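Bear in mind that the values in this text are calculations on the coordinates, not laboratory data. Here the structure is a predicted model, which is why all the values come from computation and not from measurement. Here the Cβ positions follow ideal geometry from the backbone for every residue, glycine too, while neighbour counts run over all protein chains shown.
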Amino acid sequence: MRVLAALAFVLISSTAFAATSERFGRGGWYKYFQPEIERANASGELFRIRGHCQSNCTLFLGLRNVCVERSATLLFHAGHDRQRNIHAGSTQRMLSAYNAKLRKYVLDNHYMDTLEFHAVPGSMIIDRFGYRECPRL
C-alpha cells in the first residue's frame, strides 16, 4: 500500500501533471485567483508559470512550489479597483507575492506606480531574481 501511495505522489507531483498559469494569463480580479493559490499551496504540486502572465497572474510567483518557464513573459503594473484607480492595498498584495529581489526591482523601476504594463522575461525572472526554472517536459 505504501508503494502505491508513493507512486501516486510521484505521478501527481511530476511535471506532466503540474498546474499552469495559462488560464489565468490575462490577469483579472483577485477573487478569481485566490482559490487557485490556496489549492496549489495546499497540494504542494508543482505550478508552472508559462506563456503570457500579467497582473494578478504574477501572484503565482508567491506559491511555495512554483517554477517559471524561460519563455514566459510576466507583466507588472500597479493594483487598481474596478474604476481603474490605483489601489495601494492591491499593489501591496502583488508585491508581497514577490521575492525580495524582484520586489526591489519593480519598485526601483516604478513598475508598480502606474497601470502601464512592464514586461519581464521568464529568463530574467530565473537568472536575475532567483526563481526556479521549470523542468523541461
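Ranking request for peptides 76-82, 50-56: highest mean number of other beta-carbon atoms within 10 Å first, then the rest in descending order. Don't skip to the answer; put the middle values down first.
Working: 76-82: 16.4, 50-56: 20.7.
The most tightly packed comes first, giving 50-56, 76-82.
About the Cα centre, and with charges only on the beta carbon of Lys, Arg (+1) and Asp, Glu (-1), how big is the dipole of segment 47-94? Nearest 20 debye, please.
Numbers: 7 positive and 2 negative charges, 21 e Å.
Taking the Cα centre of segment 47-94 as origin, the dipole is about 100 debye.
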